[in-house]
Amino acid sequence: MTIDWIHFTPWLSLGGGILLGLASAAFILVNGRILGISGILGGLLAPRLGDIGWRIAFLLGMAAAPFVSGLILPSGYLEAPRIEAGYIAIAIAGLLVGFGTRYGSGCTSGHGVCGLSRLSPRSLVSTLTFMGLGFLVVYVMRLAFYKELICNIESVNF
C-alpha cells in the first residue's frame, strides 16, 4: 500500500475535522439537536409546524457552500470531484445510502461525529460497523481486482 502524496492533505483534513466538531457542538448547544444530515433531511419528509425553516436553511447552506467557497478561495484551490459512474449508478447508490441511513438510524456523520461525542453506545456500534465493513470491502475488492489492476498499470505507457 502506498500513500497518494499529491492528494494527501493532513492539515486541511485536520482543519475540516475541527470545524465539524465545533459546528456540531455549537449546533447541539444552541438548538438542542444533533447535527446529523440524514435526520435534518428526514425531518422534512414528515415536517412539524415550526420545524421546517431551519432545516431548509441548513440544507440550502450546505448546497451553497461550494459556490461561496469558490468565490472566496483562490482560483484552482478546489477541484471538482470526478465521479466515474453513470447517472443510474449514482441514483441507485443514493437510494441505497438513504435506505441505509434510515435502517441504521442515522448517517456516518450523525453517528461518527455527534453520536460518539455524546458517548452513545449505539453510535459506537454503528461507527465500528461502518468502518469495519468499509475495510472489509476494500480488502476484498483489492484481492479480487489486484491482478487486473497490475495488468492495466503495466500496459500504460508513460
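Considered as a group, the residues in the range 104-138 that are closer than 23 Å to LEU14 by Cβ and touching a Lys or Arg at 6+ places or on another chain (Cβ under 9 Å) include one that is surrounded by the most Cβ atoms within 10 Å (Cβ to Cβ), and that residue is HIS111. For the range 42-58, the set of residues classified as among the charged types (D, E, K, R) and within 18 Å of GLY110 (Cα to Cα) consists of ARG55 only. For the range 86-103, a tally of residues being more than 16 Å from the chain's Cα centre (by Cα) and at pLDDT below 85 returns 1. Name every residue in the range 39-52 that is in a helix (DSSP H, G or I) and surrounded by fewer than 10 Cβ atoms within 10 Å (Cβ to Cβ), in order of residue number. None - no residue of the range 39-52 is in a helix (DSSP H, G or I) and surrounded by fewer than 10 Cβ atoms within 10 Å (Cβ to Cβ), so the list stays empty. Among the residues of the range 53-72, some residue qualifies, meaning at least one is out of contact with any helix residue (DSSP H, G or I) (no Cβ under 8 Å at 6 or more places or on another chain), polar (S, T, N, Q) and in a helix (DSSP H, G or I). Checking every residue in the range 15-37 against the condition of being part of a loop (DSSP other than H, G, I, E, B), touching a residue at least 24 places away in the same chain (Cβ under 8 Å), among the aliphatic types (A, V, I, L, M) and closer than 23 Å to THR108 by Cα gives at least one match. Looking only at residues of the range 1-38 that are more than 20 Å from TRP54 (Cβ to Cβ) and β-branched (Val, Ile, Thr), we find that the one that is surrounded by the fewest Cβ atoms within 10 Å (Cβ to Cβ) is THR2.
The values are calculated or read from the model by the stated rules, or taken from the named source; none is laboratory data. What you see is a predicted model, and the numbers here were worked out from it, not measured in a lab. Ideal geometry is used to build each Cβ from the backbone, glycine not excepted, and the neighbour counts take in all protein chains shown.
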